[in-house]
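Colleague: This structure is in structure tokens; I'll ask about it shortly.
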Amino acid sequence: MTTDQPQPADSTGPPVCPRHPDRVAYVRCQRCGRPVCPQCQRTAAVGVHCVDCVAEAARAVPPTRTALGAKVRGGQPVVTITIIVLCVISYVLQRADPGWTQRWAFAPFIGQHEPYRFLTAAFLHAPSQITHILFNMVALWMVGPFLETTLGRARYISLYLISAVAGQVGVLLLAQPDTISWYGAVVGASGAVFGLFGAVLVVLRRLKGNARSFVVIIALNLVIGFVVPGIAWQAHVGGLVAGAALGAAFAYAPAARRREIGTAATVLIAVGVVALALVKYASV
């Protein structure tokens, strides 16, 4: 807020707007009393306020937060939309360049030497099966916006990325050297999506919401993963466990220590996921 003072009544010349000295302003702000031109006027309950007073009042009001402490934001779920866009772009590149999948896909035998594949594989899908990416993106859109709004962007991103890596770690832990499971490529956002499923169950339970539909969806997908060949159900389980654990930490942390506990849980679970991979590789 500027330090300009309202013009005294006996000052010579017409009053002018402090922000626009070339404009005559006979209307005054109801809070500070300064002249305010039409461009700087903001309608108030009584009269008008100047833009400086409006900004000062906005800074003094604490931001509205969700039940789990996230800052309420308007507009679209930009993180979820960004993830979907990245997956779609990657899918287009897979179709255009067969080497794209090979370059970023995960397989247990190569993960130790190229660990970035634990994450990049979550942005790939079977290039010959459009239903693979379609089902995953629809599932992501079902739960992503709710979690992004309820948890906030930072916790939501952490949840998604850790669940994605945990999905590949699930594949790694249950793979055996010298078998096809050790060399088979794994792609898909299913591990991350199942992590969101696990988190949304915990969050809805904490908020006393109805999670029945999500339980049915998770159960059906788990069954399909065990029955239909070619589906890495291990990634589903890995992502689900990590997502539920991290979601529980976010949902049940005391309000006074929500930031500290959320940060500590994110670090501990991430370290735990990495440690499991390292132990597996050390044992083979």
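The values are calculated or read from the model by the stated rules, or taken from the named source; none is laboratory data. Quick caveat, the model's predicted, so the values are computed rather than measured. Cβ coordinates were reconstructed from backbone atoms using ideal geometry, including for glycine residues, and neighbour counts include every protein chain displayed.
Colleague: For the stretch 63-96, enumerate the residues that are touching a residue at least 12 places away in the same chain (Cβ under 8 Å) and aliphatic (A, V, I, L, M).
Modeller: First, pick out the residues of the stretch 63-96 that are touching a residue at least 12 places away in the same chain (Cβ under 8 Å): 66-73, 77-80, 83-84, 86-88, 90-91, 94-95.
Within the stretch 63-96, ALA67, LEU68, ALA70, VAL72, VAL78, VAL79, ILE83, ILE84, LEU86, VAL88 qualify.
Colleague: Does any residue in the stretch 132-158 that is under 16 Å from LEU68 (Cα atoms) come within less than 6 Å, Cβ to Cβ, of a residue that is of a type in the set (Asp, Glu) and crowded, with 21+ Cβ neighbours inside 10 Å six or more places away or on a different chain, and which pairs are these?
Modeller: So the pair list comes out as TYR156/GLU148.
Colleague: Does the stretch 29-41 hold any residues that are among the basic types (Lys, Arg) and either in contact with a His (Cβ under 7 Å, 6 or more places away or on another chain) or surrounded by fewer than 18 Cβ atoms within 10 Å (Cβ to Cβ) (or both), and which are they? So that I can check it myself, show each step before the final result.
Modeller: Here is the first cut: in the stretch 29-41, the ones among the basic types (Lys, Arg) are 31, 34.
Across the stretch 29-41, the qualifying residue is only ARG31.
Colleague: Name the single residue that is nearest to ALA25 (Cα to Cα) among those in the stretch 45-56 being surrounded by fewer than 15 Cβ atoms within 10 Å (Cβ to Cβ) and free of Cβ contacts under 8 Å to residues at least 24 places away in the same chain.
Modeller: First, the residues of the stretch 45-56 that are surrounded by fewer than 15 Cβ atoms within 10 Å (Cβ to Cβ): 45-47, 55-56.
The next check asks that each one be free of Cβ contacts under 8 Å to residues at least 24 places away in the same chain; those that pass are 45-47.
Values: ALA45: 20, VAL46: 18, GLY47: 14 Å.
My answer is GLY47.
Colleague: Here's something else I'd like to know. Tell me, which residue of the stretch 138-165 that is farther than 23 Å from ALA232 by Cβ and out of contact with any helix residue (DSSP H, G or I) (no Cβ under 8 Å at 6 or more places or on another chain) is surrounded by the most Cβ atoms within 10 Å (Cβ to Cβ)?
Modeller: Top of the filtered list is GLY152.
Colleague: In addition: Return yes or no: is ALA242 under 17 Å from PHE194 (Cβ atoms), assigned to a helix (DSSP H, G or I) and at pLDDT 95 or above?
Modeller: Values: under 17 Å from PHE194 (Cβ atoms): yes; assigned to a helix (DSSP H, G or I): yes; at pLDDT 95 or above: yes.
Answer is yes for this residue.
Colleague: Out of the residues in the stretch 114-126 that are aliphatic (A, V, I, L, M) and outside any helix (DSSP H, G or I), which is nearest to GLY184 (Cα to Cα)? Walk me through it before giving the result.
Modeller: First, the residues of the stretch 114-126 that are aliphatic (A, V, I, L, M): 119, 121-122, 124, 126.
Now restrict to residues that are outside any helix (DSSP H, G or I): 124, 126.
Working: LEU124: 15, ALA126: 13 Å.
By that ranking, first place goes to ALA126.
Colleague: Continuing with this model, one more query. Any residue at all in the stretch 267-279 that is modelled with pLDDT under 95, buried (at least 20 other Cβ atoms within 10 Å of the Cβ) and part of a helix (DSSP H, G or I)?
Modeller: So the first thing to find is which residues in the stretch 267-279 are modelled with pLDDT under 95, and the list is none.
No, the stretch 267-279 contains no residue that is modelled with pLDDT under 95, buried (at least 20 other Cβ atoms within 10 Å of the Cβ) and part of a helix (DSSP H, G or I).
Colleague: Name the helices (runs of 4 or more DSSP H) wholly inside the stretch 127-200 in which the number of residues that are of a type in the set (S, T, N, Q) and more than 25 Å from SER213 (Cα to Cα) is 1 or more. Full working, then the answer.
Modeller: On the way: elements: 130-151, 153-173, 180-183.
Helices (runs of 4 or more DSSP H) meeting the threshold: 153-173, 180-183.
Colleague: For a quick check of your reading of the model, give me the residue pairs whose first member lies in the stretch 254-279 and is under 20 Å from LEU207 (Cα atoms) and in contact (Cβ under 8 Å) with a residue 24 or more places away in the chain, whose second is in a helix (DSSP H, G or I) and among the small types (Gly, Ala, Ser), with beta-carbon atoms closer than 8 Å and at least 6 apart or on different chains.
Modeller: GLY262/ALA249
Colleague: Out of the residues in the stretch 63-86 that are crowded, with 17+ Cβ neighbours inside 10 Å and touching a Leu at 6+ places or on another chain (Cβ under 8 Å), state the one that is nearest to ARG206 (Cα to Cα). Give the steps one after another, and end with the answer.
Modeller: Applying the first criterion (crowded, with 17+ Cβ neighbours inside 10 Å) to the stretch 63-86 yields 68, 70, 77, 79-80, 83-84.
Cutting the leftovers down to touching a Leu at 6+ places or on another chain (Cβ under 8 Å) gives us 68, 70, 80, 83-84.
Numbers: LEU68: 9, ALA70: 15, THR80: 22, ILE83: 26, ILE84: 27 Å.
Checking each candidate, the answer is LEU68.
Colleague: A further question follows. For the subset of the stretch 92-113 comprising residues that are in a loop (DSSP other than H, G, I, E, B) and out of contact with any strand residue (DSSP E or B) (no Cβ under 9 Å at 6 or more places or on another chain), which member is farthest from TRP182 (Cα to Cα)?
Modeller: Applying the first criterion (in a loop (DSSP other than H, G, I, E, B)) to the stretch 92-113 yields 97, 105, 107, 112-113.
From what's left, out of contact with any strand residue (DSSP E or B) (no Cβ under 9 Å at 6 or more places or on another chain): 97, 112-113.
Details: ASP97: 25, GLN112: 12, HIS113: 14 Å.
Filtering first and then ranking leaves ASP97.
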